[in-house]
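Peer 1: If you scroll down you'll find the structure; I have some questions about it.
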Amino acid sequence: MTGKIGIRKIGLVGLIVLMGVMMPAGMNGLWASDTGDQGRGALQTVPLEMFQQAFDGFVSRQPDLMSSEVVITRFKVARNNPVPAGDVDIQLVRTSNRPLSRHVRVKAVVSVDGIPENNAEVSAWLDVFETVVCAARDLSQGHIIKERDLVEERRNISRDMDDAVTETGRLVGLMAKRSIRKGDMVKHWMVEKKPVVKRGDQVMILVESGLLRVSIPGTALDDGFAGETVSVENSMSSKKIFARVVDEATVRVDI
């Protein structure tokens with residue numbers, strides 16, 4: 001009985017020790033590696049809702065969209081590869097300088113416990129609504145725009161974010177470069193400054209120096225806006241001089 005008990009003890013405890021001593025070193029290493037891999041092998045797939053939440057916050061923080069209403073549709077995530085288990089954080093990065101409107105793609109850096117693990121891609125369709133300036137009536141080419149010619153309306157500007165005008169005051173006093181129909185959104189490229197002085201206009205050349213003030217008739221040789229320097233011909237001497245535009249009838253020679 002005693003011997004059998006001793007053998008049984010060796011079989012339960014000592015046999016494991018003996019097998020460990022006799023096990024090839026390579027096999028011991030394989031087991032250790034497998035055990036380690038199982039500890040690090042737990043994976044998770046980041047849910048679509050987490051990407052959507054990150055994208056919504058990303059859009060709301062864009063300076064060019066602060067005052068806009070943005071409708072997001074066709075939301076998709078590409079390359080959403082599994083990542084290790086842990087606390088997930090998603091950082092979205094713009095990959096171009098084009099306006100965030102219509103079809104948009106951004107890089108999504110997925111980090112786990114502060115370590116970047118995957119670069120996914122988020123795409124969506126953005127419709128951007130903003131209050132913009134439109135024509136309140138038909139405006140002919142060359143028309144000098146007045147405040148009563150304009151009206152502000154809420155429009156989808158997804159195709160025209162770079163050209164849309166959001167403040168009426170920016171257009172008043174400008175000239176229509178082309179005909180603009182009633183209801184059309186007035187865009188930057190449709191208007192230009194109206195020259196205060198045009199080539200061939202008769203102007204008064206004003207020369208001032210201290211208490212001396214002299215006015216000489218002349219002819220504008222260039223188109224010019226207020227504050228710009230243009231060339232004018234002195235009608236008394238036929239000499240060409242340079243003067244700064246004051247108004248439609250006056251230019252000033254700075255001495």
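Residue-wise test of (1) surrounded by 11 or more Cβ atoms within 10 Å (Cβ to Cβ); (2) β-branched (Val, Ile, Thr); (3) at pLDDT 95 or above; (4) part of a helix (DSSP H, G or I).
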{"position": "Leu12", "(1), (2), (3), (4)": "no, no, no, yes"}
{"position": "Met19", "(1), (2), (3), (4)": "no, no, no, yes"}
{"position": "Ser33", "(1), (2), (3), (4)": "no, no, no, yes"}
{"position": "Gln38", "(1), (2), (3), (4)": "no, no, no, yes"}
{"position": "Val46", "(1), (2), (3), (4)": "yes, yes, yes, no"}
{"position": "Gly86", "(1), (2), (3), (4)": "yes, no, yes, no"}
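Peer 1: When you check Arg105 against the structure, is it outside any loop (DSSP other than H, G, I, E, B) and exposed (fewer than 13 other Cβ atoms within 10 Å of the Cβ), yes or no?
Peer 2: For Arg105, the condition - outside any loop (DSSP other than H, G, I, E, B) and exposed (fewer than 13 other Cβ atoms within 10 Å of the Cβ) - is not met.
Peer 1: Looking only at residues that are over 12 Å from Ser231 (Cα atoms) and under 50 Å from the mean Cα position of the chain (by Cα) in region 202-214, which one is surrounded by the fewest Cβ atoms within 10 Å (Cβ to Cβ)?
Peer 2: Applying the filter and picking the extreme gives Gln202.
Peer 1: Mind listing whichever residues of region 228-255 are closer than 20 Å to Lys193 by Cα and among the β-branched types (Val, Ile, Thr)?
Peer 2: Answer for region 228-255, where residues must be closer than 20 Å to Lys193 by Cα and among the β-branched types (Val, Ile, Thr): Thr229, Val230, Val245, Val246, Thr250, Val251.
Peer 1: Something else now. Can you tell me which residues in region 93-120 are without any contact (Cβ under 8 Å) to a residue 24 or more places away in the chain, among the polar types (S, T, N, Q) and over 15 Å from Leu65 (Cα atoms)?
Peer 2: Thr95, Ser96, Ser111
Peer 1: Which residue pairs have Cβ atoms under 7 Å apart, sit 6 or more places apart or on different chains, and have a first residue in region 171-196 that is assigned to a strand (DSSP E or B) and of a type outside the set (A, V, I, L, M) and a second that is surrounded by fewer than 14 Cβ atoms within 10 Å (Cβ to Cβ) and at pLDDT 90 or above?
Peer 2: From region 171-196, the pairs are Glu192/Lys177.
Peer 1: What residue, among those in region 125-170 that are acidic (Asp, Glu) and assigned to a loop (DSSP other than H, G, I, E, B), is modelled with the highest pLDDT?
Peer 2: In this case the residue turns out to be Asp138.
Peer 1: Identify all residues within region 179-197 that are among the charged types (D, E, K, R) and either modelled with pLDDT of 95 or more or surrounded by 14 or more Cβ atoms within 10 Å (Cβ to Cβ) (or both); write none if there are none.
Peer 2: Arg181, Lys182, Asp184, Lys187, Lys194
The values are calculated or read from the model by the stated rules, or taken from the named source; none is laboratory data. All figures in this text were calculated on a predicted structure; none of them were measured in a lab. Cβ sites come from the backbone with ideal geometry, for glycine too, and all protein chains shown count toward neighbours.
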